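Trainee: Take this structure, written in structure tokens, and hold onto it; I'll ask about it next.
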Amino acid sequence: MFRKLGSSGSLWKPKNPHSLEYLKYLQGVLTKNEKVTENNKKILVEALRAIAEILIWGDQNDASVFDFFLERQMLTHFLKIMEQGITQLNVQLLQTLNILFENIRHETSLYFLLSNNHVNSIISHKFDLQNDEIMAYYISFLKTLSFKLNPATIHFFFNETTEEFPLLVEVLKLYNWNESMVRIAVRNILLNIVRVDDDSMTIFVIRHIKEYLSELIDSLVALSVEMDTFVRSAENVLANRERLRGKVDDLIDLIHYIGELLEVEAVAETLSVFVTTRYLSPLLLSSLSPRRDNHSLLLTPVSALFFFSQFLLVVRHHETIHTFLSSFLFDNQKTLMTHWIRHEQNFCLEPITMASPVGELGDQNCVFFDNLLEAFDTCQLDDSRAFYGLMLIYSMFQNKADVGELLSAANFPVLHRESGSTVIPSNEQSSLAQQNLARLRSLSTSSQGKRTRAMTEIGVEATEEDEIFHDVPEERNLEDLIDDPFVADNNAYQDPDETGRSRFQSAADELPPSESTTTSSACDSRLFDALSCIIQGVGADENKIRPITLELACLVIRQILMTVDDEKVHTNLTKLCSEIRQKLLATIGQYVNGENLFLEWFEDEYAEFEVNHVNFDIIGYEMLLPPAATPLSGLVLHKRLASGFEERLRTQIVFYLHIRKLERDLTGEGDTELPVRVFNSGQEPVAVGDCINLHNSDLLSCTVVPQQPCSIGKPGDRLARFLVTDRLQLILVEPDSRKAGWAIVRFVGLLQDTTINGDSADSKVLHVVVEGQPSRLKKRHPVLTAKLIFDDHIRCMAAKQRLTKGRQTARGLKLQAICSALGVPRIDPSRMSASPRMNPFRIVKGCAPGSVRKTVSTTSSGTSSGASGAPGGGGRPGFYSSNLRSASRGPSGAGIGIPEDPSHGTSSGAPRRN
């Protein structure tokens, strides 16, 4: 190629591109083509690319390659080419240098490249940085060089005698570049520079970096003001949440960067002053106090609390955190000496004049902390402030800057580790506190074990963590385990750390071990009063509290109660929780027996209750926007207000579960009623792969045709199976060829979650949908959608009646168990009146327009499935079937009552497990 493009015929090109001779050939090409023309431009580009390749090879295989490169001063050829300003060659030159420095492994080779100051000359060269391609390679080259900085190489870049540091000087020119990629790279380069431990370089850096640090904090102020302006006017819809998420990510990334800089001793003191005097005090603290100047630029209290909590969760610098928290907890407005004001399109920091009105609140101590407590007073009308107030308290406990003594001085109950030897506190002063700590810690683990997760009729309330991560038996594949609602491990909750901590362990796990901690028993009573406002608020009618706020409040209360040894506080909180629980139960109890879908709602919300939503990596920013009150907003229910009857009842259920759990934690009682169980202690349900005895069982032969992918086969497969049921389960079996009268279980589903519909075109076909139970990892989802084809319509009708009756019985038993857990009396649906919210009239399909017909008052949870194959069955409230009257007269119709004694529902023909 080189000869073809016009190089001198005297240059001989070696055949081996990875050799010293080839590098000599390339050096000759550069020497013969010092002047760049259109004719030799391509050959120079190829030569530069080949030089990088052979130098990397020589670094790993032949030291003589670098000896020749240094001896012939080949970097001077790079400089001569670069000075001619040809864009294409400059791009290739920067790319070559970047690849070269990224792949050099030996220190000697690196020293060769950095010697003679040629690299500094390349750094200082005036490239056309407006060209996007050149800028991308140039900033990448500088970033690569910054990763090579250490005490041994710093003197190749920094000249102490002349005080020249081209890498720092050139990077500082780009810190305010219009592209985010360049700004982020500048941050990384500067962080790598200040981390180098060299005294003379540190002095130079501190002198030149002050302006950058000031601008860095001002950019944090600008991001905060921009985000606050956005949330003031934006609606809580998906598009706005995505825009807000981008702004929050940028702000949190910047806070993380500031936190990393504060960990560097060389710049920590200077940066700490800028953070305190330009951001924390004049912007955040000013926004948490009454306005003193009409021209002050203030954030909304919600935004200020959010930024404050994020700063505490990220930054660990001791002096910065202590200075800020001491002002927040103890000081008054007179400590605010500066404020931000808006000046035309920009804003600037100015001192607060003495003539600014202070008012009576100016002399009041703890004015900022009092503002935090006031956030809880109006939580019933809007919980946004209360949520971020809780988030701030939580972040105080989680901060890693050793703030225990400071919080203790403010009567915040904390646990902190004693330095030195183990300290054993006085039994008289802290015995109750240690009992509370031990009790809550034991509840966070042992109560999990008491909840025997295996084989609840919530079936797969057994956690899928065990199904996914534990060893799978050879005869059962992973897909079967995931789809099988009865596969579970009795010890599924005994080691929650396998896949993630339990929600109730988070408070205890963050604390030091009890034997090496001291307790701070004093607590500001106003703090408990403020937290109690949230618990009281959930019991109020038409409150505006979202479930995530109550969940965070319960977590904060648990953390505080681990150290409080005031029996009166525990008694008052227990009494309050009991009152609110009873009030919520009175509301929920009205619909347990009358709502067809209450069973599904309760199971779904209990599974949601088991999930830990307090993860600040994924929550928080949505709550800055006005509360959403419709499913169309795209938010899940625990982060928005309820809309309609169903969501209001679901929210009440979640409130009840949180308050119930908090009350049990306060009293030290384990919850043995939840999750609810239908199976007796000595009875285990059938599972996929079991071999069961079918003697005296009623079997129905059928062909199963899956309609969707499932554990038993692919869509369209025709599988010969036998259908058998017990009190709670729908079972599909295949005869065991080794034992007569026995069969292998191929699918198991819960009858309570089974929907049965006939086929209007074929009387021998049933359409069956079996849903899996909700759990911590999965929502409710179909595990079997199939068509069952029987030999004739008589067998099809018998199967439909058996499944319909079994569904009614299973749902009745499950509701009986829920009533027992809640302490609500179970009422026979055949003897109860209609639901309190049900309209007794519905338009009947086929009637004349405007005519109505009264529905049967005995409508229960099993009515719709018991009705003759009408499409859309499955327990929808108020659904009316034209065949309802005829079906109710049949021996297995929808009007059959549910037996009070569960043992009455046991069929003599139920399959017996081996």
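Bear in mind that the values in this text are calculations on the coordinates, not laboratory data. Please read all numbers here as calculations on a predicted model, not as lab measurements. Glycine also receives a Cβ, built like all others from the backbone with ideal geometry; neighbour counts cover every protein chain displayed.
Trainee: Could you compute the net charge surrounding Phe158? Neighbours are other residues with a C-beta less than 9 Å from the C-beta of Phe158; K and R count +1, D and E count -1. Can you show the working numbers first?
Mentor: Working: positive: none; negative: Glu160, Glu163, Glu164, Asp198.
Neighbourhood net charge equals -4.
Trainee: On the Cα set of region 249-296, report Rg and Dmax in Å, please.
Mentor: In Å, with Rg to one decimal and Dmax whole: 13.3, 39.
Trainee: Tell me, how many Å apart are the Cα centres for region 531-582 and for region 204-259?
Mentor: Computed from Cα coordinates, the inter-centre distance equals 34 Å.
Trainee: From the phi of every residue in region 84-94, what ³J(HN,Hα) in whole Hz does the Karplus formula 6.51 cos²θ - 1.76 cosθ + 1.60 yield, where θ is phi - 60° and glycine or proline is x?
Mentor: 7, x, 7, 4, 4, 6, 5, 4, 5, 5, 5
Trainee: Could you line up His658, His767, His781, His106 from fewest to most neighbouring Cβ atoms inside 10 Å?
Mentor: Placing the least packed residue first, the sequence is His781, His106, His767, His658.
Trainee: Residues with amide H under 5 Å of Thr338's amide H, sequence separation 5 or more or different chain, H placed in the peptide plane at 1.01 Å from N; which?
Mentor: Those lying under 5 Å, H to H, from Thr338 are Ile352.
Trainee: Additional query: Taking Rh as the Kirkwood radius computed over C-alpha pairs, what is the Stokes-Einstein D of region 87-220 at 20 °C in a medium of viscosity 1.002 mPa s, expressed in µm² per second?
Mentor: Estimated diffusion coefficient is 139 µm²/s.
Trainee: Using Cβ counts within 10 Å as a stand-in for footprinting exposure, how do Thr703, Thr549 rank, fewest first?
Mentor: With the sparsest Cβ surroundings first, the list reads Thr703, Thr549.
Trainee: Return the subset of Lys739/Lys778; Lys80/Lys143; Lys583/Lys639; Lys583/Lys805 for which the Cα-Cα distance in this structure is over 29 Å, preserving the input order.
Mentor: Going by Cα-Cα distance, Lys739/Lys778; Lys583/Lys805 fall outside the 29 Å limit.
Trainee: Taking the alpha-carbon centroid of each part, what is the distance from region 688-708 to region 368-417 in angstrom?
Mentor: Computed from Cα coordinates, the inter-centre distance equals 58 Å.
Trainee: Indicate the gyration tensor shape class of region 79-156 (rounded, prolate or oblate), computed on the Cα atoms with a ≥ b ≥ c the square roots of the eigenvalues: a/c under 1.5 is rounded; otherwise a/b larger than b/c is prolate and the rest oblate. Intermediate values should be presented prior to the final figure.
Mentor: Working: a/c = 2.00, a/b = 1.76, b/c = 1.14.
Cα axes put region 79-156 in the prolate bin.
Trainee: Just want the ordering: Ile51, Ile794, from fewest to most Cβ atoms lying within 10 Å of their own Cβ.
Mentor: Ile794, Ile51
Trainee: Could I ask something else about it? Tell me, what are the semi-axes, in whole angstrom and largest first, of the equivalent ellipsoid of region 1-163 as set by the roots of 5 times the Cα gyration tensor eigenvalues?
Mentor: Equivalent ellipsoid of region 1-163: 26, 20, 13 Å, largest first.
Trainee: Something else: Amide H to amide H under 5 Å from Asp736: which residues, 5+ apart in sequence or cross-chain, H placed 1.01 Å off N in plane?
Mentor: Trp742, Ala743, Ile744
Trainee: If packing is taken as the average count of other Cβ atoms within 10 Å, what order do 286-297, 594-605 fall into, highest mean first?
Mentor: 594-605, 286-297
Trainee: Local charge sum around Asp604 (other residues, Cβ-Cβ under 9 Å, Lys/Arg +1, Asp/Glu -1)?
Mentor: -1
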